[in-house]
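The values are calculated or read from the model by the stated rules, or taken from the named source; none is laboratory data. Predicted, not measured: the structure shown is a model, and the values here were computed from it. Cβ sites come from the backbone with ideal geometry, for glycine too, and all protein chains shown count toward neighbours.
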Amino acid sequence: MATLELSIDEDVAVSPVKRTRRLGPLFWAAIAWIILVFAAAGLVGVLPLPSPTDMDMLERRAPASALHWLGTDGLGRDELARLIYGARISLIVGLCAPMIGVTIGGALGMLAGYFRGRLETLVVGSMDVLLAFPPLILALAVTAYLGQSLLNLTCILGALGATHARILLRELLPNVFLPLVAFFLLGVAVFIVVEGALSFLGLGVPPPISSWGSMIGEGRESLDVAPSLAFIPAITMFLTVLSFNLIGDTLRAFTDPRQGAL
Amino acid sequence: MLGFVARRLLYLVPVLVAVSLLTFLIASLLPGDLAYVILGDQATPEKVEALRHDMGLDQPIWWRYLGWLGHVLQGDFGRSFRTGQTVLQAVTERLPVSFELMILAEIIGLAIGVPLAIACAVRSGSAFDRFMTGSAFGMLSVPTFLSAILLIYLFAVELRWLPATGYVPFQEDPVGNLRFLVLPALTLALAEWPGIMRVLRSDMIATLQEDYIAMAKAKGLKPSRILFVHALKPSSLTLVTITGINIGRLIGGAVIVETIFALPGIGRLLVGAIYTRDLIILQGVVLLVAAGFVIMNFIVDMLYAILDPRIRYGHA
């Protein structure tokens, strides 16, 4: 507290200038990690991996070995293979949901903004209704009724994303490209987390398909004997979400000098 | 002020009606006939038909909606066909748990976020500030269920200081109640403080450059008084905004946290209803949670108007 006597103004005046035009090593590390995840998920058919669904009851929770690089899970399935197949789910949901959202929300937002009048009232009103549900509650309710499948999950989350895309596009369309990419990347992070939460609760993609969320959920049961089963997918997910956030935030800072401090 | 409240209340009515309609439509239009769910796969078509008739499922959908809405307006949300409990009973029983959890979480979140924000704003640009801002950014990327298992692993499995799951009511055993709630509340708070800290920090940096702060310094006021009274006051609106925005995420987070820590709250009721396909409970809980969320947002709007007269008298 005593440092209040120091002049605060100078610090503030300097910091945004330093902060803006710079892509630090962290940014490139994030890019590298995302490329790695994409490559692994894309090349999963080519990689010499054991099957992610074959169970081996004699090799349950086995430690890392030449055959199972990250060991096996509680049902004797290869952890690394499940991790990489899980990356596919996270990326599919994470990328497609905001795409659907930006498309629907963007179209509605532009129409509403252009035609105004009753159409605008209707669009804004119906978005207000969707926003009246806490997001996760709506996602849970709709998946519960529609049944669990990758397609359903993606569409529902996409509809959720639409509510926010509308606001963004209506405000920003005139000068959007970079803000839109930033919004999209931050959206990817959000949807990877929501997919993870649903799968963690056992309400995301149905088993035996592996997803990071369901792997963490299964690993939770054996935290005392094999904590790595929960922590490996957890760390992978954290790094991925952090990377998307970092890249998105850096791009946003580029385009939005006003909020350099935030 | 009264006119403002009345206008806002009037706007609530169509939103709530639309919310009830959407909740009902989701439950009714999508596959999975309620009668089959109740009777199971083995049921004969005659039995299913009879039950459909009893429950009014053979009526046109708008008629069913009006009937349901009529009951809801009289406080009758239906009864679980699995446990026989009414929705209202089930919800009122579990509401205190969820409220206690969310309020504790918000208090812990504010207790971490506000002092950190002030400390960072005062030394903005310093190593401490950069470190804390970075940590807050990192924490934003940690989903609730990750921090939950991390905390369980640390405090319940390794250190064995706190229980991982379970619950006792506050009236029976206040200390035990808090012991059960510490980890869940902390889990939620870990997701709350970065948002609070980041927004409040940039708000405070701007405030600290105002002339009246320089004036207060010149008058020789104590730094603590300047920071906590003069500088924090204009940020009260920001704090209300963040808290308002957080409510939705807090409710979602509570669903996950209650499930992980086995707390008998609304969230666990909802997830349980999904697992057992108890559609009546599900429909009732979703409607009540959405209505509660809308009303809480209304209260936040009102708080704005109280804190900032411009909103009351402006265009609304």
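Select from the range A:89-139 the residues that are aromatic (Phe, Trp, Tyr) and in a helix (DSSP H, G or I) and write down the one among them that is nearest to the chain's Cα centre (by Cα). Give the derivation first.
Kept after step one, since they are aromatic (Phe, Trp, Tyr), are these residues of the range A:89-139: A:114-115, A:133.
From what's left, in a helix (DSSP H, G or I): A:114-115.
Working: A:Tyr114: 31, A:Phe115: 33 Å.
Across the range A:89-139, the extreme among qualifying residues is A:Tyr114.
What's the total number of residues in the range A:218-230 that are at the interface with chain B (Cβ under 8 Å from one of its Cβ atoms) and closer than 17 Å to B:Leu146 by Cβ?
5
Identify, from the list B:Leu288, B:Leu303, the residue that is surrounded by fewer than 24 Cβ atoms within 10 Å (Cβ to Cβ) and within 13 Å of another protein chain (Cβ to nearest Cβ). Break it down into steps so the answer makes sense when it comes.
On the way: B:Leu303 fails: within 13 Å of another protein chain (Cβ to nearest Cβ).
One residue alone meets the criteria, B:Leu288.
Name the single residue that is farthest from the other protein chains (Cβ to nearest Cβ) among those in the range A:100-126 being of a type in the set (A, V, I, L, M) and crowded, with 17+ Cβ neighbours inside 10 Å. Show your work before the answer.
Initial filter on the range A:100-126 (of a type in the set (A, V, I, L, M)): A:100, A:102, A:104, A:107-108, A:110-112, A:119, A:122-124.
Still in the list and also crowded, with 17+ Cβ neighbours inside 10 Å: A:100, A:102, A:104, A:108, A:112, A:123.
Details: A:Ile100: 18, A:Val102: 21, A:Ile104: 16, A:Leu108: 16, A:Ala112: 17, A:Val123: 13 Å.
Taking the candidates together, the pick is A:Val102.
Looking at (1) at pLDDT 85 or above; (2) more than 8 Å from chain B (Cβ to nearest Cβ), find the lone condition where A:Phe238 falls short.
(2)
Is it the case that some residue within the range B:218-230 is buried (at least 19 other Cβ atoms within 10 Å of the Cβ), facing chain A (nearest Cβ under 10 Å) and more than 26 Å from A:Val194 (Cβ to Cβ)? Walk me through it before giving the result.
Just the residues of the range B:218-230 that are buried (at least 19 other Cβ atoms within 10 Å of the Cβ), to begin with: B:226-227.
Next, from what is left, pick out any that are facing chain A (nearest Cβ under 10 Å): B:226-227.
Retained after the next criterion (residues that are more than 26 Å from A:Val194 (Cβ to Cβ)): B:226-227.
Yes, the range B:218-230 contains at least one residue that is buried (at least 19 other Cβ atoms within 10 Å of the Cβ), facing chain A (nearest Cβ under 10 Å) and more than 26 Å from A:Val194 (Cβ to Cβ).
Does B:Arg249 satisfy the criteria of being facing chain A (nearest Cβ under 9 Å), part of a helix (DSSP H, G or I) and either surrounded by fewer than 20 Cβ atoms within 10 Å (Cβ to Cβ) or not β-branched (Val, Ile, Thr) (or both)?
Details: facing chain A (nearest Cβ under 9 Å): yes; part of a helix (DSSP H, G or I): yes; either surrounded by fewer than 20 Cβ atoms within 10 Å (Cβ to Cβ) or not β-branched (Val, Ile, Thr) (or both): yes.
Yes, satisfied.
For the list (1) modelled with pLDDT of 75 or more; (2) more than 28 Å from B:Leu287 (Cα to Cα); (3) more than 18 Å from the chain's Cα centre (by Cα), I need the number of the one condition that A:Phe183 fails.
(3)
If B:Arg310 meets every condition in (1) at pLDDT 80 or above; (2) surrounded by fewer than 17 Cβ atoms within 10 Å (Cβ to Cβ) apart from one, which number is that one?
The number of the failed condition is (1).
Pairs needed: first member in the range B:194-216, facing chain A (nearest Cβ under 8 Å); second member anywhere, hydroxyl-bearing (Ser, Thr, Tyr) and buried (at least 21 other Cβ atoms within 10 Å of the Cβ); C-beta distance under 7 Å; at least 6 residues apart or different chains.
Close Cβ pairs (under 7 Å, with a partner that is hydroxyl-bearing (Ser, Thr, Tyr) and buried (at least 21 other Cβ atoms within 10 Å of the Cβ)) amount to B:Ile205/B:Ser124.
Out of B:Val168, B:Val175, B:Val157, B:Val199, report the one residue that is touching a helix residue (DSSP H, G or I) at 6+ places or on another chain (Cβ under 8 Å) and either assigned to a helix (DSSP H, G or I) or polar (S, T, N, Q) (or both).
Working: B:Val168 fails: either assigned to a helix (DSSP H, G or I) or polar (S, T, N, Q) (or both); B:Val175 fails: touching a helix residue (DSSP H, G or I) at 6+ places or on another chain (Cβ under 8 Å); B:Val157 fails: touching a helix residue (DSSP H, G or I) at 6+ places or on another chain (Cβ under 8 Å).
Selected residue: B:Val199, the only one of B:Val168, B:Val175, B:Val157, B:Val199 that is touching a helix residue (DSSP H, G or I) at 6+ places or on another chain (Cβ under 8 Å) and either assigned to a helix (DSSP H, G or I) or polar (S, T, N, Q) (or both).
Quick check on the range B:118-128: of everything there that is in contact (Cβ under 8 Å) with a residue 60 or more places away in the chain and part of a helix (DSSP H, G or I), which residue is farthest from B:Gly248 (Cα to Cα)?
Let us first name the residues in the range B:118-128 that are in contact (Cβ under 8 Å) with a residue 60 or more places away in the chain, namely B:118, B:120-122, B:124.
Keeping just the survivors that are part of a helix (DSSP H, G or I) gives B:118, B:120-122.
On the way: B:Ile118: 26, B:Cys120: 27, B:Ala121: 28, B:Val122: 31 Å.
Once the filter is applied, the top-ranked residue is B:Val122.
May I ask you to verify whether B:Leu188 is in contact with a helix residue (DSSP H, G or I) (Cβ under 8 Å, 6 or more places away or on another chain), buried (at least 19 other Cβ atoms within 10 Å of the Cβ), without any contact (Cβ under 8 Å) to a residue 40 or more places away in the chain and within 23 Å of B:Gly253 (Cβ to Cβ)?
Against the criterion (in contact with a helix residue (DSSP H, G or I) (Cβ under 8 Å, 6 or more places away or on another chain), buried (at least 19 other Cβ atoms within 10 Å of the Cβ), without any contact (Cβ under 8 Å) to a residue 40 or more places away in the chain and within 23 Å of B:Gly253 (Cβ to Cβ)), B:Leu188 does not qualify.
The rows are residues; the columns are (1) surrounded by 15 or more Cβ atoms within 10 Å (Cβ to Cβ); (2) at pLDDT 90 or above; (3) small (Gly, Ala, Ser); (4) part of a loop (DSSP other than H, G, I, E, B).
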position: B:Gly84; (1), (2), (3), (4): no, no, yes, yes
position: B:Gln89; (1), (2), (3), (4): no, no, no, no
position: B:Thr92; (1), (2), (3), (4): no, no, no, no
position: B:Ala111; (1), (2), (3), (4): no, yes, yes, no
position: B:Leu116; (1), (2), (3), (4): yes, yes, no, no
position: B:Phe137; (1), (2), (3), (4): yes, no, no, no
position: B:Ile149; (1), (2), (3), (4): yes, no, no, no
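Could you tell me how many of the residues in the range B:120-135 are surrounded by fewer than 19 Cβ atoms within 10 Å (Cβ to Cβ) and within 11 Å of chain A (Cβ to nearest Cβ)? Give the steps one after another, and end with the answer.
If we filter the range B:120-135 for residues that are surrounded by fewer than 19 Cβ atoms within 10 Å (Cβ to Cβ), which is where we start, we get B:123, B:126-128, B:130-131, B:134-135.
Right, trim to within 11 Å of chain A (Cβ to nearest Cβ) and you get B:123, B:126, B:128, B:130, B:134.
Qualifying residue count, the range B:120-135: 5.
Take the conditions more than 10 Å from every other protein chain (Cβ to nearest Cβ) and either crowded, with 23+ Cβ neighbours inside 10 Å or part of a loop (DSSP other than H, G, I, E, B) (or both) and apply them to A:Pro208. Does it pass? Can you show your working first?
Values: more than 10 Å from every other protein chain (Cβ to nearest Cβ): yes; either crowded, with 23+ Cβ neighbours inside 10 Å or part of a loop (DSSP other than H, G, I, E, B) (or both): yes.
Judged against the criteria, A:Pro208 is a match.
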